[in-house]
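First the structure, in the form of structure tokens, and then the observations on it.
The values are calculated or read from the model by the stated rules, or taken from the named source; none is laboratory data. Quick caveat, the model's predicted, so the values are computed rather than measured. Reconstructed Cβ throughout: ideal geometry from the backbone, glycine too, with neighbour counts over all protein chains shown. With ligands, DNA and RNA removed, areas are computed over all heavy atoms of the protein, side chains included. Shrake-Rupley method; radii C 1.70, N 1.55, O 1.52, S 1.80 Å.
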Amino acid sequence: MSKTTNAIHIAQQIAKIVSSRDLVYKLKKEVLKSKEPSVQFDFTDVEFVSRSAAHEFLMLQEEMQNRLFKKKTIQFTNTNENIKQMFRVVAANLAMPKNQKPELELKKTDIHTLLKSVSI
Amino acid sequence: MKHIQVVPPNDDDFVQQFGALYSVFKNIDSGEQVEFDLSQTHWLHPIVLLPIAAYMVKTNSQYIQSGNGDINTYLQTICFPHGIHSVTEFEKNAQMQKSYIPISVLERKNEAEREHLETLFENMMYKILGSVPNAQDAVYHPISELVTNIFDHSKGEKGFIFGQYYPKKEFLDICIVDTGRGLKKAYKDEKDIEISDEEAIQEVLKGHSTKPDKERGYGVRTSKDVVCKGLGGKFLMLSGSVALISTQSSQESVSLPHFSWQGVIIAYRIPKPMGPIDIYQYLE
């Protein structure tokens, strides 16, 4: 964590493309080390955050906010437009989950029939 | 040791290549040591090559080299079958071999290295597709989500990733493989439900995660949609004795008699993007 700005630089701490939930969750330890009530996750140089990683960031933010003791506010800063959009999509789904799972229309076949159909 | 003749079709059609994968691995018992005979091969697509590599690493199986010098050079260039495991190796390989990406092995225990190596791989995939502005998320999203699944769900220690671009035909083949517990066992272990391989794939597509956290289960479905609907590609996911094959207009569940893959194989083919792709409509 940067000593002067209370910021965790995600590109340095994790990578420029953030995919893994486990690496995001491990940031919790860094957040709790901070003596300040507010911590920034600085996304400078981060190119992309996967949907799963964005979900994990938001869950961590919520967890830290809802603690009874050592409550922390996490702010996401210096996000590029695509990362902002990813967070918005995931946050919207968390706030208003779709109750219905998607319909699944799946034809069934076997490998031999499938291969015959493409060789015709 | 069982001898497996590998004779891929001359056709690079995605389904025909899937058929080649089936032919290689049918009648192999799980964990059986085999000898893959590549003597008749002149080329291997990622959907065949990477599962062979992963299986060889897992079971200490062997292979017989091809009689064709070009394919042998290619396999050496891409570090078949053991792949590369670190950022340093990847960068060294990329400097030496400008046209080909090595097989990359992501390891559970080296989390930070794993994330950096995955980043390099994804950057390289975007670059070889032509760095089309505002198409990078469409390239990154499926790889990120599908690799994350290996370490969230498979209980496997390694994930194998590989890509090959075909510049004359302007498409990219990507393959992501693990030799973990597979989908059916994941549902059994985590949710205590006994379902078939086919039902397990259906549960994945419906977004029924094995994890209890709220709003999970989007990774495979959204990746498939980005590949097929966003990019106009073809997508295959295989676990146990069933595969899902999906295109822009259809999806089918394919039963695979006398075949079983311990883990998950994902393979997809995407044409070179012609312009920006909005993936966010597929992520909700």
With label points built 7 Å along Cα→Cβ from the Cα atoms of B:Asp213 and B:Val132, find their separation and express it in nm. 3.2 nm
Once each part is reduced to its C-alpha centroid, what is the distance from the stretch B:203-227 to the stretch B:1-23 in angstrom? 30 Å
Taking θ = phi - 60°, what integer Hz values does the Karplus form 6.51 cos²θ - 1.76 cosθ + 1.60 yield along the stretch A:72-81, in sequence order, with x for Gly and Pro? 9, 9, 9, 10, 9, 10, 6, 7, 6, 4
What number comes out for accessible area per residue over the protein assembly as shown if the probe is 1.4 Å? Units Å², please. 44 Å²
Given the options B:Leu183, B:Leu50, B:Leu256, which has the most mean-square fluctuation in a GNM of chain B, springs set between C-alpha atoms less than 10 angstrom apart? B:Leu256
7 Å from Cα along Cα→Cβ at both B:Ser250 and B:Gln281: what's the point-to-point distance in nm? 2.4 nm
Roughly what % of DSSP beta bridges within chain A run antiparallel, to the nearest 5? 0 percent
Residue separation between B:Ser196 and B:Lys98 times 0.36 nm, minus their alpha-carbon distance, gives in nm 30.9 nm
If the cut-off is a Cα-Cα distance under 17 Å, which lysines reach A:Lys116, setting aside same-chain residues fewer than 8 apart in sequence? A:Lys107, A:Lys108
Cα gyration tensor, the stretch B:82-145 - rounded (a/c under 1.5), prolate or oblate: oblate
Check cross-link reach from A:Lys70 to the lysines: straight Cα distance under 16 Å, and skip same-chain residues fewer than eight apart. A:Lys28, A:Lys29, A:Lys33, A:Lys35
Residue by residue through B:140-152, how many Cβ atoms from other chains fall within 10 Å of the Cβ on average? 4
Residues with amide H under 5 Å from that of A:Asp110, placed H, sequence gap 5 or more: B:Ser255
Per GNM of chain B with C-alpha springs under 10 angstrom, the most fluctuating residue out of B:Gln251, B:Gln95, B:Gln65 is B:Gln95
Leaving ligands, DNA and RNA out of it, rank B:Cys79, B:Cys175 by accessible area with a 1.4 Å probe, largest first. B:Cys79, B:Cys175
Using each residue's phi in the stretch B:120-132, evaluate 6.51 cos²θ - 1.76 cosθ + 1.60 at θ = phi - 60° and report the 3J(HN,Hα) Karplus result to the nearest Hz, with x for Gly and Pro. 4, 4, 5, 4, 5, 4, 5, 5, 6, 7, x, 6, 5
Given R₀ = 60 Å, what would the calculated FRET efficiency be for B:Asp29 paired with A:Glu36, taking r from the Cβ atoms and rounding to 0.05? 0.55
